[in-house]
Amino acid sequence: MGEVQTKISGAVRRKYNVLSFLYDHIWPGYIKKTIGSAIEPIRLTGSESLLDIGCGTGELERILVSKYQNLHIVGLDISDDMLELARKKLLQYPKIILKRGDFLNIDLAENSFDAAFSISNLHYFPNPSALFEKTHRLLKKNGKFVIIDWNRNSFQGKLYNGYMNLADPSFVKAYIIEEVVPLLEKAGFQFEKVDYFKVGIRWRMMRIVSKKI
Ligand SMILES: C[S@@+](CC[C@H](N)C(=O)[O-])C[C@H]1O[C@@H](n2cnc3c(N)ncnc32)[C@H](O)[C@@H]1O
């Protein structure tokens, strides 16, 4: 892992350790909408193996297992405190495995997931190719990869990106679709679709769906 990523990962960890106890309470609408949009393109039968990169307080896991008890989900996060909240929320679901660490450093079985999610964290990766290449190795053939994140495709997105650059040392960049697709393809994904949605007046989100080939 490069020096820049190590520095950013440290800042991300400190930020979310501080924010953790507020996270679910400050942004419930944002969390519901972004997680709902991530799940929607995956047609689940209920017995898949799923990977949640940067699972935070475990909301994706909670929503999915309340509907499908037989899903196997690995959620991982770099923040001990976010993960601790996820652990408490998901105590009664032994099929959900929570791991602490930087995604780029965590050991997981290759070719073992049917789908992977990166929800609201692409902007913390200075080298998105490293994220995409690792996700590609972990997914089974034809496994889906859903990315939800901020972007600079809109005027609000550009403004927010500028503000975050000044205000938040853990923030790297809100990417645009034109930056992401070539890197996904280089990592071995087939790009399927991108669309955009709003959350309140501040956030213009992009959703990128791709498939491991
Ligand atoms: C905005 S929160 C989103 C949490 C969750 N995905 C959700 O939608 O509620 C971003 C999360 O990504 C995690 N994160 C960022 N970079 C990470 C990395 N390199 N490895 C693991 N987790 C990371 C942060 O600790 C944080 O919990």
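The values are calculated or read from the model by the stated rules, or taken from the named source; none is laboratory data. Predicted model only: the values in this text are computed from it and were never measured. We place every Cβ from the backbone using ideal geometry, glycine too, and count neighbours over all the protein chains shown.
Applying the condition of being away from the ligand (no atom under 12 Å from the Cβ), of a type outside the set (Val, Ile, Thr) and outside any helix (DSSP H, G or I) to region 58-82 and asking which residue is nearest to residue 6 (Cα to Cα) yields 72. Has region 121-134 got any residue that is closer than 30 Å to residue 204 by Cβ, within 14 Å of the ligand (Cβ to nearest atom), surrounded by fewer than 18 Cβ atoms within 10 Å (Cβ to Cβ) and of a type in the set (S, T, N, Q)? Among the residues of region 121-134, at least one is closer than 30 Å to residue 204 by Cβ, within 14 Å of the ligand (Cβ to nearest atom), surrounded by fewer than 18 Cβ atoms within 10 Å (Cβ to Cβ) and of a type in the set (S, T, N, Q), which makes the answer yes.
Considering 142, 105, the condition of being at positive phi and modelled with pLDDT of 95 or more is satisfied by 142 alone.
Within region 143-174, if we keep just the residues that are part of a strand (DSSP E or B) and either out of contact with any Asp or Glu (no Cβ under 6 Å at 6 or more places or on another chain) or more than 17 Å from residue 193 (Cβ to Cβ) (or both), the residue that is nearest to the ligand (Cβ to nearest atom) turns out to be 148. Among the numbered criteria (1) part of a strand (DSSP E or B); (2) under 14 Å from the mean Cα position of the chain (by Cα), which single criterion is violated by residue 140? It fails just one condition, (2). Of 59, 40, 48, 84, all but one fail to be in contact with a Ser or Thr (Cβ under 8 Å, 6 or more places away or on another chain) and acidic (Asp, Glu); the exception is 84. Summed over region 129-168, the residues that are more than 16 Å from residue 188 (Cβ to Cβ), polar (S, T, N, Q) and in contact (Cβ under 8 Å) with a residue 24 or more places away in the chain give a count of 4.
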